[in-house]
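Reading through the structure tokens given below for one structure.
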Amino acid sequence: MSKPIKQMIVKEYRKKFSGIEGAVLVEIRGLDALATNKMRNDFARKSVKVAVVKNALAREAFKGGALEQLGAHLAGPSALVYSQDSVVDLARDLVKWARTVEQFVFKAAILEGVVYEGKAGVTQLSKMPTREEAQSNVVTLVLSPGRNLLGAVKGPGGRVMGIVKEIESRLEKGETISALSA
């Protein structure tokens, strides 16, 4: 391949993968055409892209970017699976999908500069909370003391209201009130 062609491919990779903060690097060698097409179609419905890359050219394109650390794992047939959405959701989908295909190999994944190596690493990544899940956990933690305080304040007030309602109902029936047992 001539140098101008390589430079064009590197330029295209940079353009294609710009803005991608996280991705999963896989090897799809051994998958037949039907399995590969099924994988691509299944993930395309979720706006996930699968790009087979030339290792040396991808390493060059990744330099200085968020995917640079994946360069060390670019060996053999490589495909980059990426999405504009959460890489954690992507890892979950890939781990689930890989259970049905024995030949599927996880090389690495990257999220915010942290590389997760091999199947164990991608599985670990898939078990992490997504950004939205983490935010909801934080909101829950922040609100829980207030919720507990409200319950503590509301509890005695609720008992008092129960007594007042009981007095009201007895008075409406014309009964005399001597003592109430709560």
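The values are calculated or read from the model by the stated rules, or taken from the named source; none is laboratory data. What you see is a predicted model, and the numbers here were worked out from it, not measured in a lab. Quick reminder, even Gly has a Cβ in these numbers, built from the backbone with ideal geometry, and neighbours come from all protein chains shown.
Residues of the range 1-16 that are in contact with a helix residue (DSSP H, G or I) (Cβ under 7 Å, 6 or more places away or on another chain) and not β-branched (Val, Ile, Thr): Lys6, Tyr13, Arg14. Residue-level check: of (1) out of contact with any helix residue (DSSP H, G or I) (no Cβ under 7 Å at 6 or more places or on another chain); (2) at pLDDT 85 or above, Gly64 misses just (2).
In the range 24-36, the count of residues that are of a type in the set (S, T, N, Q) and farther than 22 Å from Thr100 by Cα is zero.
Residue by residue, here is whether (1) surrounded by 14 or more Cβ atoms within 10 Å (Cβ to Cβ); (2) over 16 Å from the mean Cα position of the chain (by Cα); (3) among the aliphatic types (A, V, I, L, M) holds:
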position	(1), (2), (3)
Ser78	yes, yes, no
Lys96	no, no, no
Val101	yes, yes, yes
Gly121	yes, no, no
Ser126	yes, no, no
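Restrict the check to the range 96-117 and report whether at least one residue is at positive phi, of a type in the set (Asp, Glu) and assigned by TED's automatic domain parsing to the domain that holds Leu31. Checked against the condition, which is being at positive phi, of a type in the set (Asp, Glu) and assigned by TED's automatic domain parsing to the domain that holds Leu31, the range 96-117 yields at least one hit.
Residues checked against (1) without any contact (Cβ under 8 Å) to a residue 40 or more places away in the chain; (2) in contact with a helix residue (DSSP H, G or I) (Cβ under 6 Å, 6 or more places away or on another chain); (3) part of a strand (DSSP E or B):
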position	(1), (2), (3)
Ala23	no, no, yes
Asn37	yes, no, no
Lys49	yes, no, yes
Val52	yes, no, yes
Leu94	no, no, no
Gln124	yes, no, no
